[in-house]
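Here is the structure we will look at.
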Amino acid sequence: MFDTPPTFDELGSDLVLAEYSAALPGAAGVLDAEVRDYAWVAVDDRAAGILQRTIGDLSLAIPAGAELRMLVEETGRVNYDSKLGEAKGLIGAALLDGEPLPGPWRVRTFDVPALAQAVSDAAAEPAGARVAGPAGLRASFDLDAPADLFLDTAGWGKGYAWVNGFFLGRYWRRGPQRTLFVPGPATRAGANEVIVVELETMTDPTARFVARPDLGHEVE
């Protein structure tokens, strides 16, 4: 429990994903929160919207409810000018109609590298035609021999991907890239496993591999 929300840097090193939660007074209102850099907001386990620093969208009308939850992701750091060494996570007090939420705040951190193993160990269930995150997905594919591949992320939302436990990186429907490189040493002859943690929505939960990278140029 925290009286004020801690930053990622105060919670530990190499943290990129954490959930902040606090009680709400019950009435609807406008939430203002400085998130660095992206947050999925829920009220009483119902999605309420997204806050994102990159476009300055740090206010959101939320419905009445008893509990606020914000899943906050840092989307990268820079090493120049005033942003050098800046804090990430939820910065300062979150406001509801201009008044600070009093807390206490509860924080749940996620070890992103460990998510792949958790998904691999979980009981399998068939995915539908559309997947609403957060959700973990896994699939297998066969190769005659190890090979360089490109994982096509078209139809996916925002999340992380692994092949045989090797972290490929993050993907985002905004781009700029549309594929993730899979180095040959991460693959093997025979069965291979692909793991995906989707944080938003997959309109096509299919893992496809293509011969060439799609670097993309458009921003949605």
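When the range 189-215 is filtered for residues that are out of contact with any Asp or Glu (no Cβ under 8 Å at 6 or more places or on another chain), open to solvent by 50 Å² or more (accessible area, probe 1.4 Å) and not hydroxyl-bearing (Ser, Thr, Tyr), the ones remaining, listed by number, are Glu193, Ala211, Arg212, Pro213, Leu215. Restricting the first member to the range 180-196 and to residues that are under 15 Å from Thr206 (Cα atoms) and charged (D, E, K, R), and the second to residues that are part of a strand (DSSP E or B) and modelled with pLDDT under 95, the beta-carbon pairs closer than 8 Å and six or more apart or on different chains are Glu193/Arg138; Glu193/Ala139; Glu193/Ser140. Pro104 - would you say it is surrounded by fewer than 17 Cβ atoms within 10 Å (Cβ to Cβ), at pLDDT 90 or above and either touching a Ser or Thr at 6+ places or on another chain (Cβ under 7 Å) or under 17 Å from Leu11 (Cβ atoms) (or both)? Here the answer is yes, as Pro104 does meet what is asked.
Among the residues of the range 130-185, those identified as farther than 27 Å from Val41 by Cα and of a type in the set (Val, Ile, Thr) are Val163, Thr179, Val182. Within the range 56-72, the set of residues being under 17 Å from the mean Cα position of the chain (by Cα) and open to solvent by 60 Å² or more (accessible area, probe 1.4 Å) is empty. Under the condition of being outside any helix (DSSP H, G or I), of a type outside the set (A, V, I, L, M), open to solvent by less than 80 Å² (accessible area, probe 1.4 Å) and out of contact with any helix residue (DSSP H, G or I) (no Cβ under 8 Å at 6 or more places or on another chain), the residues counted in the range 107-127 number 1.
Taking (1) over 20 Å from the mean Cα position of the chain (by Cα); (2) open to solvent by 30 Å² or more (accessible area, probe 1.4 Å); (3) more than 19 Å from Arg108 (Cβ to Cβ); (4) at pLDDT 95 or above in turn, Gly29 satisfies each apart from (2).
Only one entry in Ala161, Ala154, Ala132, Ala186 is open to solvent by less than 80 Å² (accessible area, probe 1.4 Å), under 23 Å from Ile50 (Cα atoms) and modelled with pLDDT of 95 or more, namely Ala161. Among the residues of the range 73-90, is any out of contact with any Gly (no Cβ under 7 Å at 6 or more places or on another chain), modelled with pLDDT of 95 or more and open to solvent by 40 Å² or more (accessible area, probe 1.4 Å)? Among the residues of the range 73-90, not one is out of contact with any Gly (no Cβ under 7 Å at 6 or more places or on another chain), modelled with pLDDT of 95 or more and open to solvent by 40 Å² or more (accessible area, probe 1.4 Å), which makes the answer no.
The values are calculated or read from the model by the stated rules, or taken from the named source; none is laboratory data. Treat the numbers as computed from the prediction; the structure is a model and nothing was measured. All Cβ positions, even for glycine, are placed from backbone atoms using ideal geometry, and neighbour counts span all protein chains on display. All accessible areas refer to the heavy atoms of the entire protein, side chains included, with ligands and DNA or RNA removed. Shrake-Rupley method; radii C 1.70, N 1.55, O 1.52, S 1.80 Å.
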